[in-house]
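The structure appears right after this line, and notes come after that.
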Amino acid sequence: QVQLVESGGGLVQPGGFLRLSCAASTSAFTPVTMAWYRQPPGKQRELLADISSGSQTNYAESVKGRFTISRDNAKTTVYLQMNGLKPEDTAVYYCYARYVFGTYWGQGTQVTVSS
């Protein structure tokens, strides 16, 4: 069983930035893919960005140019650098990891963008 532990959420003013982190509980296995999703209040969960073990990235149009996904050298921690935050970015942000033996989710971290 793998646990994903997220950190870095909080309250930020519009135009501000945050960096989310998500660390897997084991480095014995490398996730094939890691990703960040978010779920705004009353809405569906949506994929924001993903990154492969080879560091190929994909982004949703809504965050392209503002958010950057990356992984550490061990490939078991994923980051989401969020710049130019807007009120509509307010949501619970979830980390996701896909291994050859299964998929896992983090517990979620709240990001609130408000003045």
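The values are calculated or read from the model by the stated rules, or taken from the named source; none is laboratory data. For clarity, every value in this text was computed on a predicted model and none was experimentally measured. Methodologically, a virtual Cβ is constructed for each residue, glycine included, from the backbone with ideal geometry; neighbour enumeration extends over all protein chains shown. What goes into the accessible areas is simple: the full protein's heavy atoms, side chains included, and nothing from ligands, DNA or RNA. Shrake-Rupley method; radii C 1.70, N 1.55, O 1.52, S 1.80 Å.
Considering only residues that are surrounded by fewer than 15 Cβ atoms within 10 Å (Cβ to Cβ) and over 13 Å from V63 (Cα atoms), which ones fall in the range 88-104?
Within the range 88-104, V100, F101, G102, T103 meet the criteria.
Could you please find all residues in the range 71-99 being modelled with pLDDT of 95 or more and of a type in the set (A, V, I, L, M)?
Once the filter is applied, which keeps residues that are modelled with pLDDT of 95 or more and of a type in the set (A, V, I, L, M), the range 71-99 yields V78, L80, M82, L85, A91, V92, A97.
Mind checking which residues of the range 53-70 are open to solvent by 30 Å² or more (accessible area, probe 1.4 Å), modelled with pLDDT of 95 or more and at negative phi?
Across the range 53-70, the qualifying residues are Q56, T57, N58, Y59, E61, K64, R66, T68, S70.
Only one of R71, R66 is within 29 Å of Q13 (Cβ to Cβ), within 12 Å of the chain's Cα centre (by Cα) and charged (D, E, K, R); which?
On inspection, the qualifying residue turns out to be R71.
Could you list, ordered by first residue, the pairs with Cβ atoms under 7 Å in which the first is in the range 80-109 and closer than 15 Å to A49 by Cα and the second is part of a strand (DSSP E or B) and among the small types (G, A, S), at least 6 apart or interchain?
From residues that are closer than 15 Å to A49 by Cα, the pairs are L80/A49; Y96/A35; A97/A24.
Against the conditions (1) modelled with pLDDT under 95; (2) of a type in the set (D, E); (3) closer than 18 Å to T112 by Cα, where does E46 fall short? Just the number, please.
(1)
Give me a count of the residues in the range 16-41 that are in contact (Cβ under 8 Å) with a residue 12 or more places away in the chain, open to solvent by 30 Å² or more (accessible area, probe 1.4 Å) and closer than 13 Å to F101 by Cβ.
The number of residues fulfilling the criteria is 4.
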